[in-house]
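Here the structure is laid out as structure tokens; the discussion comes afterwards.
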Amino acid sequence: MTGDFRVSVLRLGHRRERDKRITSHLGLTARAFGADEVILAGEDDDSALETWNSVSERFGGALECRFEPKPMSWLRRFADSGTVIHLTMYGEPWREVTSQIPKDKPTVIVVGGTKVPAEVFSIANHNISIGNQPHSEVAALGVFMESWIGPIEESTKFAGGEIEVVPSERGKKVVNREED
């Protein structure tokens, strides 16, 4: 749980062969910046779910991840009680609107892969642009989540992992909890 609200990231339009690395990185970014859940929509792809589950097992945290076969139906139902944020280069500038987005109910951040259905623009409570030039959806998600959620308390958010990376000025410090 991120504060008093739940944050999900919906990866819309995943294509297994073309998008596997970018979708994998999108889920890892969602996890690292505080999402509670990643939902994959498009072509079913167990490898992305396995990657996200494996990282959570090794590094801690309670990220939920699943495949959604009917994402638009799910999104319409979600919009009845939650906040829908759509990251798009056609949206409002993030610096101007991020502080106005409430954190008082479940939220889904929609990130497209292939062409996003036009209906998403009308379902969304907020169509947010990180920039109006083509760029990585992974970068857009990271920038948005950091600016909206703020810093993540890693010691509580990612508890229970087998591995802990300890910050250091030089070199690599890793604690392997399985050896303890």
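The values are calculated or read from the model by the stated rules, or taken from the named source; none is laboratory data. Source: prediction; values computed, not measured. Neighbour counts are summed over all protein chains in view; Cβ atoms, including those assigned to glycine, are modelled from backbone coordinates with ideal geometry.
Just a few scattered comments:
- Residue within region 35-42 that is assigned to a loop (DSSP other than H, G, I, E, B), at pLDDT below 95, over 30 Å from VAL175 (Cα atoms) and aliphatic (A, V, I, L, M) present: no
- Subset of region 56-84 that is basic (Lys, Arg) and outside any strand (DSSP E or B) - its residue that is farthest from SER8 (Cα to Cα): ARG58
- Looking only at residues in region 81-92 that are closer than 23 Å to CYS65 by Cβ and touching a Pro at 6+ places or on another chain (Cβ under 8 Å), the one that is surrounded by the fewest Cβ atoms within 10 Å (Cβ to Cβ) is SER81.
- For region 85-118, residues that are touching a residue at least 12 places away in the same chain (Cβ under 8 Å), assigned to a loop (DSSP other than H, G, I, E, B) and more than 13 Å from PHE144 (Cα to Cα) total 10.
- Given (1) touching a strand residue (DSSP E or B) at 6+ places or on another chain (Cβ under 6 Å); (2) buried (at least 18 other Cβ atoms within 10 Å of the Cβ); (3) hydrophobic (A, V, I, L, M, F, W, C), number of the condition VAL166 does not satisfy: (2)
- Residue count, region 121-137 (criterion: within 24 Å of ARG21 (Cα to Cα) and part of a helix (DSSP H, G or I)): 1
- GLY27 vs. criteria assigned to a loop (DSSP other than H, G, I, E, B), at pLDDT 90 or above and farther than 20 Å from PRO117 by Cβ: no
- Entry remark, region 138-173: residues being part of a helix (DSSP H, G or I) and either modelled with pLDDT of 90 or more or more than 15 Å from the chain's Cα centre (by Cα) (or both) number 15 in total.
- Residue match in region 159-166 (condition: free of Cβ contacts under 8 Å to residues at least 24 places away in the same chain and charged (D, E, K, R)): no
- Region 59-80, residues that are modelled with pLDDT of 95 or more, farther than 14 Å from PRO117 by Cβ, loosely packed, with under 13 Cβ neighbours inside 10 Å and not acidic (Asp, Glu): ARG77
- Considering only residues in region 45-58 that are over 27 Å from GLU119 (Cα atoms) and either in contact (Cβ under 8 Å) with a residue 40 or more places away in the chain or in contact with a His (Cβ under 8 Å, 6 or more places away or on another chain) (or both), the one that is surrounded by the most Cβ atoms within 10 Å (Cβ to Cβ) turns out to be SER56.
- Considering residues of region 93-137 that are polar (S, T, N, Q), over 21 Å from GLU68 (Cβ atoms) and surrounded by fewer than 16 Cβ atoms within 10 Å (Cβ to Cβ) only, the residue nearest to the chain's Cα centre (by Cα): SER136
- Some residue of region 114-122 being hydrophobic (A, V, I, L, M, F, W, C), under 21 Å from GLY34 (Cβ atoms) and touching a Leu at 6+ places or on another chain (Cβ under 7 Å): no
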